[in-house]
Protein chains: 2
Amino acid sequence: MSQRVKIKQLLSNEAVQYETTVKGWVRTFRSNRFIALNDGSTNNNLQIVVDFENMDPATLKRITTGAAISATGTIVPSLGSGQKVEMQAKNIEILGDSDPETYPLQPKKHSLEFLREIAHLRFRTATFGAVFRVRHTLAYAVHKFFNDKGFVYLHTPIVTASDAEGAGEMFRVTTLDPINPPLTDEGQVDFKEDFFGRATNLTVSGQLEGELGAMALSDIYTFGPTFRAENSNTARHLAEFWMIEPEMAFYDLEDNMNLAEEFIKFVVGYALEHNRDDIEFLAQRLVEEEKQKPQAERSEMGLVEKLEFVLHNQFERITYTQAIDILKNSKPNKNKKFQYPVNDWGTDLQSEHERYLVEKHFKKPVIITDYPAAIKSFYMKQNDDGNTVRAMDILFPGIGEIVGGSQREENYDKLVAKMEALNLPVEEMYWYLDTRRFGSAVHSGFGLGFERLILFVTGMTNIRDVIPFPRTPKNAEF
Amino acid sequence: MSQRVKIKQLLSNEAVQYETTVKGWVRTFRSNRFIALNDGSTNNNLQIVVDFENMDPATLKRITTGAAISATGTIVPSLGSGQKVEMQAKNIEILGDSDPETYPLQPKKHSLEFLREIAHLRFRTATFGAVFRVRHTLAYAVHKFFNDKGFVYLHTPIVTASDAEGAGEMFRVTTLDPINPPLTDEGQVDFKEDFFGRATNLTVSGQLEGELGAMALSDIYTFGPTFRAENSNTARHLAEFWMIEPEMAFYDLEDNMNLAEEFIKFVVGYALEHNRDDIEFLAQRLVEEEKQKPQAERSEMGLVEKLEFVLHNQFERITYTQAIDILKNSKPNKNKKFQYPVNDWGTDLQSEHERYLVEKHFKKPVIITDYPAAIKSFYMKQNDDGNTVRAMDILFPGIGEIVGGSQREENYDKLVAKMEALNLPVEEMYWYLDTRRFGSAVHSGFGLGFERLILFVTGMTNIRDVIPFPRTPKNAEF
């Protein structure tokens with residue numbers, strides 16, 4: 001590789017009057033003279049000034065939007081480009097042409113919907129370059145946060161025979177003949193003949209296996225893909241998404257909340273520190289986008305302001321019971337503005353209720369704890385009141401639930417009784433129960449949907465725009 | 001959480017005469033007096049000295065192998081424990097009992113086969129604690145290496161409609177009724193009715209999608225699960241394993257080799273630096289294990305020595321043609337000791353050949369380049385000779401192929417011609433070809449099987465022992 005330098009490095013350096021080479025893709029070419037070159041290392045383009053009068057006209061013609069070029073020249077101070085430096089080109093080599101008649105990305109505003117259809121090329125736009133660099137930084141911050149605290153990154157299985165949540169629709173994983181599967185004497189599909197010798201599916205959560213790790217290594221986290229075969233075609237749901245699930249031995253619910261809050265603040269702060277340019281670009285994009293909306297629907301805060309607000313304010317912590325009281329006595333409830341009126345303790349919160357609490361009442365992130373046992377999962381620690389469990393959900397403005405977690409039930413007898421009451425397969429799950437039979441201890445954990453975090457940090461509004469190749473009902477393109 | 005301190009932190013500190021609390025699992029309890037406590041933060045146990053004459057006998061009886069306890073006491077200098085400090089217990093609380101009659105992990109040597117059957121508990125052994133801490137550190141080092149170089153971590157899709165290698169047996173992902181799937185008029189399964197509206201499977205590689213990212217962001221890497229539905233019940237194969245696949249725009253084959261070598265050295269060095277205790281423990285384990293073997297089959301180097309050898313020696317680089325020459329003229333070939341005699345240029349290398357080159361001839365890691373086109377994948381850059389492609393495989397002692405990579409064919413016409421010759425679906429893969437239609441450029445990448453790297457660094461010999469819950473034919477337990 002000739003001494004190519006990345007544009008991010010070049011622009012972060014005020015040195016001038018040296019010769020270097022850059023390689024990247026042409027964003028625009030103005031007046032036969034000014035190339036805006038991007039190599040994906042930063043949202044900022046390098047301006048390259050071409051001496052068109054002394055250049056081969058055939059080459060000049062091939063400098064088109066989307067073309068890959070190598071440019072060698074002298075770095076000089078820049079007055080007009082918005083950057084401190086620019087390149088005076090000595091030599092331009094066309095690495096790969098881009099026919100302007102057929103290249104789908106032209107130097108104009110394309111809709112996010114259109115770009116979703118050419119997701120293989122959207123990385124080349126300013127918006128998606130920024131989104132995927134921020135996604136990277138958030139992922140790195142996740143690993144750094146847990147590594148620095150001595151957590152062990154545990155790769156829990158993707159193909160599994162267990163259904164962690166006792167809920168979620170699942171995808172079947174199979175190598176059986178799709179049209180003539182082997183059958184048992186009773187006429188059922190004989191999964192004993194399948195690859196794994198049993199019916200298997202794609203995991204909906206690594207939590208249960210994560211707990212096994214925590215009950216030996218103290219602190220673990222997962223960060224991997226999870227799957228829901230739900231037919232939800234919304235801007236908030238994906239069939240395949242990435243989750244982060246820490247599990248900690250000897251943590252009670254309060255330790256759990258403290259960790260979750262510290263974690264979110266760390267990763268948001270890390271992105272703001274390391275991808276400021278990208279986030280400021282996305283903030284500006286959001287302002288432009290919201291100009292289409294009526295004043296009342298626009299965000300009260302800019303994107304950067306919103307992220308800094310989260311960093312510098314404690315999350316509100318209330319119990320489910322307190323939340324119900326607030327909602328019952330709220331204006332929208334009294335004025336019958338909620339689609340689901342809040343009357344009784346025990347019902348699940350709808351997103352209109354969560355939004356009211358976060359966006360109107362507290363105007364900050366809220367952690368709700370101690371939910372009714374009946375609306376939460378079997379593995380959550382039962383409170384002494386017999387009615388509630390030591391659950392916690394973290395609600396974020398514009399996003400809704402971003403974290404769901406709990407202290408786990410560590411008492412073997414209580415856990416078995418609960419599983420039996422719910423008709424869960426106690427015998428099959430002997431491995432989960434063994435952690436309560438042998439050396440059980442208080443422990444806790446939570447799950448954070450990575451894409452929802454990215455939505456929050458980038459200000460994007462459709463979850464399909466923050467994962468490279470979204471998987472949704474009737475769509476597995478690329 | 002009371003001021004619990006982790007044992008790793010406590011032992012790394014020479015301070016004494018202060019009171020603190022530790023929590024963990026009892027490894028052994030000797031003479032009614034000495035508890036060896038482990039909390040998973042380190043391979044080393046903390047010795048806790050119990051004043052049994054002044055302790056409640058009922059509690060004393062419950063200090064058994066596997067029990068979870070909380071111990072509070074004074075940290076004092078230690079003479080006998082092999083550590084600098086130990087704890088004089090003031091108070092021991094039993095958090096969770098472990099019945100010695102039924103707890104499967106007793107303080108004696110268990111076989112790796114037995115421990116595989118209780119994979120939910122094996123994290124609690126010294127060997128697997130070390131293996132999974134090393135696995136964590138290697139994963140972290142992977143992210144750190146690429147992040148520090150400005151690579152973007154790209155989450156390529158797990159569920160996909162494409163088969164990257166044009167080879168590999170795949171798992172089907174479906175929500176269709178397994179026994180009565182919808183049929184087309186021709187009597188075939190109607191995958192249009194399936195969740196994604198087409199037949200989908202689990203990815204065998206993220207490379208093709210990774211290239212899309214690289215052709216916009218310059219440098220990307222994937223690190224995620226990949227799947228092979230091969231019925232291989234060997235110590236080197238898993239149905240579900242993790243792969244690392246970097247793709248770099250503007251890198252040629254030599255840049256690619258340089259990066260791969262630097263990468264492997266970085267992560268191995270990082271593990272040696274950060275998990276020295278674990279690796280030294282595993283080295284000792286290997287010595288013990290190899291005592292069972294005849295002298296001739298034992299490793300020539302100890303584990304630590306072997307890792308340092310890799311760090312400090314350049315990998316040998318030879319072409320496939322040179323490799324064939326060496327093998328043809330080798331003693332085992334002349335003496336007909338190879339199961340597959342080496343006669344002709346063009347045949348694929350078997351693992352006996354790879355082992356000979358790495359372990360006998362060069363005695364160091366070897367990179368073999370420029371393989372015959374006929375035995376490599378369609379996307380590899382064709383050399384001008386018309387016979388070979390710019391592939392590179394890195395072979396490691398005891399492991400075989402640890403990295404496979406290549407410069408990618410960036411020429412649209414050559415790539416299409418190759419795909420047509422191999423009957424690959426050119427139209428369906430328009431998205432892959434578009435990177436060659438618009439702004440194509442020289443680019444390269446490689447894949448590294450994460451578990452093979454872990455085998456190398458831990459000295460473990462069965463791949464099922466370096467992933468938490470292995471998935472193999474007829475096995476998807478836990």
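The values are calculated or read from the model by the stated rules, or taken from the named source; none is laboratory data. It should be emphasised that the depicted structure is a prediction, and the values quoted were computed from it without experimental measurement. Note: ideal-geometry Cβ built from the backbone for every residue, glycine included; neighbour counts use all protein chains shown. Each accessible area value is taken on the protein alone, full model and side chains, heavy atoms only, with ligands, DNA and RNA left out. Shrake-Rupley method; radii C 1.70, N 1.55, O 1.52, S 1.80 Å.
Pairs of alpha carbons in the range B:113-259 separated by more than 25 Å make up 49% of all such pairs. Magnitude of the charge dipole for the protein assembly as shown, about its Cα centre and with charges confined to Cβ atoms of Lys, Arg (+1) and Asp, Glu (-1), is about 1660 debye. With 21 Å as the limit, the listed pairs B:Lys291/B:Lys334; A:Lys334/A:Lys360; B:Lys376/B:Lys414; A:Lys376/A:Lys414; A:Lys8/A:Lys108 have B:Lys291/B:Lys334; A:Lys8/A:Lys108 beyond it between alpha carbons.
Taking the 0 to 90 degree range and rounding to the nearest ten, how far is the long axis of helix A:126-148 tilted relative to the main principal axis of chain A, both from C-alpha atoms? Once rounded, one gets 50 degrees. For B:Val16, the distances from its label point to the matching points in the remaining copies are 6.5 nm, ordered from shortest, with each point set 7 Å beyond Cα toward Cβ. In this structure, the pairs whose alpha-carbon distance is over 32 Å, taken from B:Lys144/B:Lys364; A:Lys336/A:Lys418; A:Lys192/A:Lys474; A:Lys331/A:Lys418; B:Lys328/B:Lys381, are A:Lys336/A:Lys418; A:Lys331/A:Lys418. Going by the alpha-carbon gyration tensor, a ≥ b ≥ c the square roots of its eigenvalues, is the range B:201-242 rounded (a/c under 1.5) or, if a/c is not under 1.5, prolate (a/b greater than b/c) versus oblate? In terms of gyration-tensor shape, prolate. Determine the share of the range B:260-349's accessible area contributed by carbon and sulfur atoms, expressed in whole percent, with a 1.4 angstrom probe. Taking all protein chains in place, the range B:260-349 shows 47 percent carbon and sulfur surface. Relative to the other identical copies, B:Lys474 shows label-point distances of 4.3 nm, where the label point lies 7 Å from Cα along the Cβ direction and values run shortest first. Taking max minus min of the alpha-carbon positions on each principal axis, the range A:7-105 gives extents of 38, 29, 22 Å, largest first.
Within the accessible surface of the range B:1-101, defined with a 1.4 Å probe on protein heavy atoms only, the carbon and sulfur portion equals 45 percent.
Ordered from largest to smallest accessible area (heavy atoms of protein chains, 1.4 Å probe), the residues B:Glu297, B:Glu209 come out as B:Glu297, B:Glu209. Rounded to the nearest 100, the interface formed by chains A and B buries 9200 square angstrom of accessible surface, both chains summed, with a 1.4 Å probe. Considering every alpha-carbon pair of the range B:174-261, the percent of pairs per 5 Å bin, from zero through the bin containing the longest distance, is 3, 12, 14, 13, 13, 14, 13, 8, 5, 4, 1.
Each principal axis of the Cα cloud of the range B:321-478 was evaluated for its coordinate range; sorted largest first, these ranges are 49, 47, 27 Å.
Taking every residue in A:185-191 and counting other chain Cβ atoms within 10 Å of its Cβ, the average works out to 1. The base-10 log of I(q)/I(0) for chain A, evaluated at q = 0.07, 0.09, 0.13 Å⁻¹, reads -0.48, -0.75, -1.24 [Debye formula, identical scatterers on Cα atoms, solvent excluded]. Taking every residue in B:115-125 and counting other chain Cβ atoms within 10 Å of its Cβ, the average works out to 4. Of all residues in chain A, the one whose Cβ lies closest to the rotation axis carrying A onto B, together with that distance in whole Å, is A:His143, 2. Its residue count N fixes a reference of 2.2 N^0.38 Å for the range B:308-388, and the Cα radius of gyration divided by that reference is 1.17. The mean sequence separation of alpha-carbon pairs under 8 Å and at least six residues apart, normalised by the residue count of the range A:382-443, gives a relative contact order of 26 percent. Oblate is the label for the range A:245-346. Its Cα gyration tensor axes, ordered a ≥ b ≥ c, give a/c of at least 1.5 and b/c at or above a/b.
Only Lys, Arg, Asp and Glu carry charge here, each on its Cβ (+1 for the first two, -1 for the last two); on that basis chain B has a dipole of about 1960 debye about its Cα centre. For a bin width of 10 Å, list the pair-distance distribution of the protein assembly as shown built from all Cα-Cα distances, rounded to whole %. Binned Cα distances yield the sequence 2, 11, 19, 23, 21, 15, 7, 2, 0, 0.
Look at the stretch A:38-49: the mean tally of other chain Cβ atoms within 10 Å of its residues' Cβ atoms is 2. In this structure A:Arg33 has an accessible area near 90 Å², from a 1.4 Å probe over the protein heavy atoms. Close amide H contacts of B:Ser41 (hydrogens built in the peptide plane, cut-off under 5 Å, sequence separation of 5 or more or a different chain): B:Ile7, B:Lys8.
Here the calculated FRET efficiency for B:Gln83 and B:Asp51, from their Cβ-Cβ distance with R0 = 22 Å, stands at 0.70, rounded to the nearest 0.05. State log₁₀ I(q)/I(0) for the range B:399-478 at q = 0.26 Å⁻¹ as given by the Debye formula over alpha-carbon point scatterers of equal weight, solvent excluded. Treating every Cα as an identical point scatterer, log10 I(q)/I(0) equals -1.22. Computed over chain A, relative contact order equals 13 percent, with contacts defined as Cα pairs under 8 Å that lie 6+ residues apart. Which trypsin sites (Lys or Arg not before Pro) does the range B:318-356 hold that lie in a coil by DSSP with at most 11 other beta carbons within 10 Å? Hits after loop and neighbour filter: B:Lys336.
Here's the picture: charge each Lys and Arg Cβ at +1 and each Asp and Glu Cβ at -1 in the protein assembly as shown, and of B:Ala139, A:Gly386, A:Val342 the one pushed furthest to the positive end of that dipole is B:Ala139. Placing +1 on the Cβ of every Lys and Arg and -1 on the Cβ of every Asp and Glu, with no other charges, gives the range A:7-105 a dipole of roughly 220 debye about its Cα centre.
Plainly put, the tip 7 Å out from Cα toward Cβ on B:Pro425 is 3.3 nm from that tip on each other copy, the closest given first.
These residues, A:Tyr270, B:Tyr340, go from largest to smallest accessible area, 1.4 Å probe, as B:Tyr340, A:Tyr270. Accessible surface ranking for B:Glu113, B:Glu289, 1.4 angstrom probe, highest first: B:Glu113, B:Glu289. Go ahead and estimate [θ] at 222 nm for the protein assembly as shown from helices alone: -39,500 (n - 2.57) per DSSP H run with n ≥ 4, summed, over the residue count, rounded to 500. Calculated at 222 nm, the ellipticity per residue is -9000 deg cm²/dmol. The alpha carbon centroids of the range A:239-262 and the range B:4-23 are separated by 25 Å. Counting only protein heavy atoms and a 1.4 Å probe, the range A:7-105 has 47 square angstrom of accessible area per residue. Calculated accessible area for the range B:195-328 comes out at 37 Å² per residue, all protein chains present (probe 1.4 Å; ligands, DNA, RNA ignored).
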